[in-house]
Amino acid sequence: MDISDYLDPENIILNLKERSKEQIIRALIEKMKETDLQIDGEQAFSDLWEREMDYSTGLEDGIAFPHARTQAVTRHKLALGICRNGCDFESRDGKPTYFIPLLLTPRNSGKPHIIILAEIIKKLEDLRIREKILHAQSAKEVYELLQ
């Protein structure tokens, strides 16, 4: 699976200023809408927030992965936010979150949803890649690290 099929460098925020989970999710959706005007931002947020209220997508090792199947998109869309100083995403380990990939997939999407989730997590589990991303100077550099 090639992440470039779902992630555009223009959908990467190198230094999220937002601090709350809600603000971060909204910022990433807005970033996606800049490159794809067909995204229904309010529907996307509603579906992501509902999912987030059921169970936090704050994982461990500084990674959170908000994701939802939604009618807000017609194809898989991925954005990535980086909180260089860490933020609170209610992670399982209680530690700050630095990497927030956000995935929107069509509601009727099946297996690709899980494959994309697994692929991004696999990349971000590599400590060397995480360190390089935190010090990246451009979205293009981050994009290339994830290839």
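Go through the range 11-29 and give me each residue that's surrounded by 14 or more Cβ atoms within 10 Å (Cβ to Cβ) and either of a type in the set (Lys, Arg) or out of contact with any helix residue (DSSP H, G or I) (no Cβ under 7 Å at 6 or more places or on another chain) (or both).
Of everything in the range 11-29, those that are surrounded by 14 or more Cβ atoms within 10 Å (Cβ to Cβ) and either of a type in the set (Lys, Arg) or out of contact with any helix residue (DSSP H, G or I) (no Cβ under 7 Å at 6 or more places or on another chain) (or both) turn out to be Lys21, Ile24, Arg26, Ala27, Leu28.
Go through Gln137, Gln43 for me and flag whichever is part of a loop (DSSP other than H, G, I, E, B) and modelled with pLDDT of 90 or more.
Gln137
Any residue at all in the range 85-102 that's modelled with pLDDT of 90 or more, closer than 22 Å to Pro9 by Cβ and among the small types (Gly, Ala, Ser)?
Looking for residues that are modelled with pLDDT of 90 or more, closer than 22 Å to Pro9 by Cβ and among the small types (Gly, Ala, Ser), one finds none in the range 85-102, hence no.
Restricting to the range 117-129, give me the number of residues that are in contact (Cβ under 8 Å) with a residue 12 or more places away in the chain and either part of a loop (DSSP other than H, G, I, E, B) or within 18 Å of Pro66 (Cβ to Cβ) (or both).
So the answer is 7.
Could you say whether any residue in the range 37-60 is within 22 Å of Lys17 (Cβ to Cβ), surrounded by 19 or more Cβ atoms within 10 Å (Cβ to Cβ), of a type in the set (Phe, Trp, Tyr) and in contact (Cβ under 8 Å) with a residue 24 or more places away in the chain?
no
Could you grab me the full set of residues in the range 17-40 that are in contact with a Lys or Arg (Cβ under 8 Å, 6 or more places away or on another chain), over 23 Å from Leu134 (Cβ atoms) and either at pLDDT 95 or above or of a type in the set (A, V, I, L, M) (or both)?
Listed by number, the list holds a single entry, Ile39.
Matching residues to (1) farther than 23 Å from Asp5 by Cα; (2) hydroxyl-bearing (Ser, Thr, Tyr); (3) surrounded by 16 or more Cβ atoms within 10 Å (Cβ to Cβ):
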residue	(1), (2), (3)
Gly86	yes, no, no
Phe89	yes, no, yes
Ile100	no, no, yes
Leu103	no, no, yes
Gly110	no, no, no
Ile121	no, no, no
Asp126	no, no, no
Glu131	yes, no, no
Ala136	no, no, yes
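Consider the range 70-109. How many of its residues are within 16 Å of the chain's Cα centre (by Cα) and either touching a residue at least 40 places away in the same chain (Cβ under 8 Å) or part of a strand (DSSP E or B) (or both)?
Result for the range 70-109: 25.
What is the one condition in (1) over 14 Å from Ile29 (Cβ atoms); (2) touching a Ser or Thr at 6+ places or on another chain (Cβ under 7 Å); (3) not basic (Lys, Arg) that Pro66 does not satisfy?
The failed condition is (1).
Gln147 fails exactly one of the following numbered conditions: (1) assigned to a loop (DSSP other than H, G, I, E, B); (2) surrounded by 13 or more Cβ atoms within 10 Å (Cβ to Cβ). What is the number of that condition?
Failed condition: (2).
The values are calculated or read from the model by the stated rules, or taken from the named source; none is laboratory data. Quick caveat: nothing in here was measured; it's all calculated off a predicted structure. No Cβ is skipped: glycine too gets one built from the backbone with ideal geometry, and neighbour counts run over all protein chains shown.
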